Amino acid sequence: MSDETGRITKLEEMVAHQAKTIDELSDQLAEQWKAVEQMRTKLDRLTERFLSLEEQSLEAPAITRPPHY
């Protein structure tokens with residue numbers, strides 16, 4: 001029976017280690033998701049700003065020849 005007890009103990013240790021690893025990976029995934037959401041928000045703001053600046057540059061006066069030509 002000690003062989004079976006040893007095998008069960010070993011399996012329990014593996015399950016505990018795997019559960020800990022899964023928890024750590026879940027935490028890392030949650031942190032990465034937050035970072036992705038922050039970057040997505042920044043990208044949206046930068047896109048809006050770029051489009052706004054692009055619209056403003058389209059309203060600039062036409063480039064004309066200088067008077068000395």
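The values are calculated or read from the model by the stated rules, or taken from the named source; none is laboratory data. The shown structure was predicted, so the numbers you read here are calculated from the model rather than taken from an experiment. Accessible surface is based on the protein model in full, side chains and every heavy atom, while ligands, DNA and RNA are left aside. Shrake-Rupley method; radii C 1.70, N 1.55, O 1.52, S 1.80 Å.
Here's a check for you: in segment 42-60, which residue that is of a type outside the set (D, E, K, R) and modelled with pLDDT of 95 or more is nearest to the chain's Cα centre (by Cα)?
Leu43
Conditions: (1) open to solvent by 100 Å² or more (accessible area, probe 1.4 Å); (2) of a type outside the set (Gly, Ala, Ser); (3) assigned to a helix (DSSP H, G or I). Val15 meets all but one. Number of the miss?
(1) is the only condition that Val15 fails.
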